[in-house]
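Read-outs throughout are calculated quantities, based only on the coordinates presented, and are distinct from any laboratory measurement. The model shown is predicted, which means the values in this text are computed figures rather than measured ones. Cβ placement follows ideal geometry from the backbone for every residue including glycine, while neighbour counts extend to all protein chains displayed.
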């Protein structure tokens, strides 16, 4: 069964600090992995996307890594800001019958305190 | 606006009633997805439309759930004889193509509460 596990479930950090969120997956065959940011009451917004051949992808203060061998990904947030408070969701897409059905992790809830 | 819109934003219904949730995707996007997000859970895939192809309904939890996409644009998710366990946020997303690299753009969701 395709699964995406994220850790930690929740995280509280002080403004300006860095943090790293983890994602392990068992989706096969693998197509790509995305990290989404979901603000409260809003739909998720894509931060990064990586295929199996990509190890690192950055988007501003967000840097995602992917190890396709160990099926692990991380999202590193540098110099956190209050606006980073959100749920961060790891999404892995496989290939099924020609379509791409993603598997979502439960997300990591990040709270940035001033 | 140019984003994905959903209506209503909130819906409270009594157990046993039918509900319809609407999604207006980004113009020109051929792929459309419906998801369900329960409290403390990850997004659960429900159904996927791609152009004129037959939809992928593999995620629908029961035959009480159905969805249509008319004219390749607006989609309606219908839940018949609602149950309390149907309470969740229902999210719609669209993407330019069906390819796995095509980013999905999400709407704000419809929060459904079944009393």
Given 5 Å bins starting at zero, what is the percent of C-alpha pairs of the protein assembly as shown in each, up to the one with the largest pair distance?
-> 1, 7, 14, 18, 18, 17, 12, 7, 3, 1, 0
Final fewest-first order of B:7, A:31 on the 10 Å Cβ neighbour count is B:7, A:31
Simple spin-label model, 7 Å along Cα-to-Cβ: residue B:76 to residue B:15 in nm?
-> 2.7 nm
Figure the gain on full extension for residue A:53 and residue A:18 (residue separation times 0.36 nm, minus the Cα-Cα span) and round it to one decimal in nm.
-> 10.0 nm
Sort A:56, A:70 so the one with the fewest other Cβ atoms within 10 Å of its own Cβ comes first.
-> A:70, A:56
Cα-based convex hull, region A:41-114, per residue volume (Å³, whole number) | 114 Å³
Once you have the alpha carbon radius of gyration of region B:1-41, what is it after dividing by 2.2 N^0.38 Å, with N set to its residue count?
-> 1.44
Compactness check, region B:1-77: C-alpha Rg relative to the 2.2 N^0.38 Å globular estimate gives 1.13
Using the alpha-carbon centroid of each, what span in Å lies between region B:55-115 and region B:4-47?
-> 4 Å
Cα→Cβ-extended label distance, 7 Å offset, between residue B:38 and residue A:46, nm | 2.8 nm
What translational D, rounded to a whole number of µm²/s, comes out for region A:1-85 from Stokes-Einstein when the hydrodynamic radius is the Kirkwood one over Cα pairs, at 10 °C and 1.306 mPa s?
-> 117 µm²/s
Once you have the alpha carbon radius of gyration of region A:31-75, what is it after dividing by 2.2 N^0.38 Å, with N set to its residue count?
-> 1.19
Counting all Cα-Cα pairs in region B:33-112, those more than 16 Å apart amount in percent to 51 percent
So how do A:111, A:89 line up by other beta-carbon neighbours within 10 Å, fewest first?
-> A:111, A:89
Nitroxide proxy distance, nm - points 7 Å out along Cα→Cβ at residue B:96 and residue A:76 | 3.0 nm
